[in-house]
Amino acid sequence: MKKISNGSGLSRRRVLPAALLGFLCACAGSGSYVVSPAFRSVPDGRIVLLPFENYSNDVSAPGIIRAEASRRFSSRGYAPFDLDDTDERLRALGITDGGQLGAVKPAEIGAVFKADLLCYGTLEDFTFQNLGFVIRKQVKLRLKIVSASTGETLYEAEGKGKDLKVYLDRDEAKRAFLVNSAVKLAQNMLKHPLQPETESALDKVFDRLPGR
């Protein structure tokens, strides 16, 4: 890596570590879990994956992550309802996206599916920032499983997947910008944006989920 010797380079060296510190502080935090003792006694493993609430700027990401979460539940022995069928039934209740779920009681949703386990998801961040000198990728989500019959939260977990790289050399930054632009384009074409970060976030969310 080339040394920066001129005045503007010195200024850049001071600015970049400060920016990096800001990114790291924004990304810091440990995962949290809630596992109710009542969860293991639920006899029915069928689970309704409700539409995710989306606080990110990516309109397609919640659906992609919801589908992957469904596969994760299946691998743990649960029986997720088909997502298309779920959305069709929810439309009968006037629900077309995750932001509307708060207006409907869990018991009402459970009655439609004749199931007790409801999974609520929130996508808090889905970011791919390619600024050349700084490449930041982050996925942050939260899952909550609620008993439709009692309203109790049986399981809640958050997960974060991230990748942060900082380049001080202008030529390295230029190459990184071009490479990551191509990566982003390829992932979008394959409908798997931020796949490594998504997998990492889901690994954390499902880490302590009791199996069936």
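Can we say LEU141 is buried (at least 18 other Cβ atoms within 10 Å of the Cβ) and farther than 30 Å from ARG170 by Cα?
In short, yes.
Have a look at GLY77, GLY121 and point out the one that is surrounded by 20 or more Cβ atoms within 10 Å (Cβ to Cβ), at pLDDT 95 or above and either under 25 Å from GLN195 (Cα atoms) or aliphatic (A, V, I, L, M) (or both).
Matching residue, one of GLY77, GLY121: GLY121.
Give the residue, chosen from LEU90, LEU141, that is within 24 Å of ASP163 (Cβ to Cβ) and touching a residue at least 24 places away in the same chain (Cβ under 8 Å).
LEU141
Being touching a strand residue (DSSP E or B) at 6+ places or on another chain (Cβ under 6 Å), surrounded by fewer than 20 Cβ atoms within 10 Å (Cβ to Cβ) and closer than 19 Å to ARG170 by Cβ is the filter here; which residues of the stretch 124-135 pass it?
GLN129, VAL134
For ARG71, indicate whether it is free of Cβ contacts under 8 Å to residues at least 60 places away in the same chain and either in a helix (DSSP H, G or I) or crowded, with 17+ Cβ neighbours inside 10 Å (or both).
Yes, satisfied.
Please determine whether any residue of the stretch 102-111 is modelled with pLDDT of 95 or more, β-branched (Val, Ile, Thr) and within 20 Å of ASP44 (Cα to Cα).
Yes.
How many residues does the stretch 82-116 hold that are more than 26 Å from LEU194 (Cβ to Cβ) and of a type outside the set (A, V, I, L, M)?
13
Output the number of residues of the stretch 98-138 satisfying the condition of being touching a residue at least 24 places away in the same chain (Cβ under 8 Å), in contact with a Pro (Cβ under 9 Å, 6 or more places away or on another chain) and either assigned to a helix (DSSP H, G or I) or over 25 Å from ALA79 (Cα atoms) (or both).
6
Output the residues belonging to the stretch 74-97 that are out of contact with any helix residue (DSSP H, G or I) (no Cβ under 7 Å at 6 or more places or on another chain) and part of a helix (DSSP H, G or I).
SER74, SER75, ASP84, ASP85, THR86, ASP87, GLU88, LEU90, ARG91
Name the residue that is farthest from THR122 (Cα to Cα), counting only residues in the stretch 13-65 that are among the hydroxyl-bearing types (Ser, Thr, Tyr) and either at pLDDT below 50 or in a helix (DSSP H, G or I) (or both).
SER41
The values are calculated or read from the model by the stated rules, or taken from the named source; none is laboratory data. As the structure is a computational prediction, the values presented were derived from the model and not from experiment. For neighbour counting, all protein chains shown are included, and Cβ atoms are generated from backbone atoms with ideal geometry for every residue, glycine included.
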